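This report concerns only the one structure given below.
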C-alpha cells in the first residue's frame, strides 16, 4: 500500500473529524462499489466533474486520515463456504478487559472484538465475532479462547436470520 | 460458483489495498502474473455472482465524524418481520440479525447496527423506533475497539 500512497500528495480533507464536501460527494458516489472497468477513477471523475487524478488523490487522502479504513473488496463469506458466524459475548472483570481484549483479538478467526457497556439484564461487556466454515469450527475457537483467558461466563449467539447487511453508508 | 485458482488469487488480493493508480486492474494483473482483461472479467463475474459484495471504500463512521452503535431488542416471535421492516427502513442501519443464545437464554433476539451524523440523531432515531414498535431498544455503543477487519482466508479448506 505504501507504494501507492507515496507517489503523490493527497488532497481533500486533512483534519480528522471534518469532512470535505467533495469528499462526501465522492464517498456517496462510490460507497456501494466502484465501476469494474479499466479506468474506474476516470469514470467516477467523469460522473462527478472531477479529474481522474483528483479522484485518486482524494481517496488517498481519505485513507491517510483514516476516514476510509480500507479500499478493497468486501467478500460474501457465506458464498466462499464460511457459513458460520458466531457472536460470542463474555463477562470480563473490568480490570482484565484490556489484557483479555488483546488476547481475543489475536485469534485470526476473530474478526471483531469490542468492549461495550453492561446493564442489569446484560452483564456481558466483551463482544467477539468469529467466522468459520462450520459452527463446530467456531466453537473450537471459542474453546481455545476460554482456555487462553480462563473466562467461564459467556454466551454464543448464532444468527438465525439476516434481515439486512450492507456496508457502512453515509 | 466454482472458484478457479485464478479467482482465489484475485479474491485474496482484492481484500486489501486496491491499487490507486489509473489502471488498477493492470497493476493487479502484473502483481498476480495475469492479464488485465482476465482480472477484470473474473472480478466482474465474482461481483455478479455476489461473491464480492462490493469493491470500494470501507468507511469509518467514527472518523467521518459520525456515530454508530449496536442495538439489541427483545421482539415477540410473531412481530419479528414487522419490527425488522421498521428498523431496516432507516438508511443508517447496516446490519440486522435475528440471534439466539446457544448455551444460555439471553434477553434480546434482534440485533442491529446503526450509524447517524451525531449522538443526538442516534438518540432521536432510537426513540422513534421505540415509539413505532412500542418496544425497548438497548443501546450498546463501543467503548473500546480491540479489533476490526473482516478479511477471510480464501485458501482455507484446500
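Observations on the structure shown:
- Residues in the range B:73-96 that a label on residue A:32 would reach, taking backbone N under 19 Å of a point 7 Å out along Cα→Cβ: B:88-96
- Model label sites at residue B:135 and residue B:30, defined 7 Å from Cα along the beta-carbon direction, differ in position by 5.4 nm.
- Rg over Rh [alpha-carbon atoms, Kirkwood Rh] for the range B:1-86: 1.18
- Rounded to 10°, Cα long-axis angle of helix A:135-149 versus longest principal axis of chain A: 70 degrees
- Per the Cα gyration tensor, the range A:113-166 maps to an equivalent ellipsoid with semi-axes of 20, 19, 10 Å, ordered largest to smallest.
- When the P(r) is computed for the range A:58-105, the part past 14 Å accounts for 71% of the Cα-Cα pairs.
- Rough spin-label spacing in nm, given labels placed 7 Å along Cα→Cβ, for residue B:77 and residue B:103: 2.6 nm
- Averaged over the residues of peptide A:77-87, the number of Cβ atoms from other protein chains lying within 10 Å of each residue's Cβ is 4.
- Dimensions in Å of the protein assembly as shown - Rg and Dmax from alpha carbons: 20.6, 59
- For A:142-154, mean number of other protein chain Cβ atoms within 10 Å: 0
- Partner chain coverage, peptide A:60-72 - average Cβ within 10 angstrom: 6
- When both the range A:112-145 and the range B:43-94 are represented by their alpha-carbon centers, they are found 20 Å apart.
- Legend: Rg and Dmax of chain A, from Cα coordinates, 20.3, 57 Å.
- Diffusion constant of chain B at 20 °C, which comes from Stokes-Einstein with the Kirkwood Cα-pair radius and 1.002 mPa s, µm²/s: 114 µm²/s
- Taken along its principal axes, the alpha carbon cloud of the range B:67-140 reaches lengths of 36, 22, 18 Å, longest axis first.
- Under the Debye formula (equal points on every Cα, no solvent term), log10 I(q)/I(0) of the range B:5-48 at q = 0.18 Å⁻¹: -0.43
- Pairwise inverse Cα distances across the range A:77-158, averaged and inverted, put the Kirkwood hydrodynamic radius at 12.8 Å.
Bear in mind these aren't lab numbers, they're just calculated from the coordinates by the rules spelled out. All values derive from a computational prediction rather than experimental measurement. All Cβ positions, glycine included, derive from the backbone under ideal geometry; neighbour counts span all protein chains shown.
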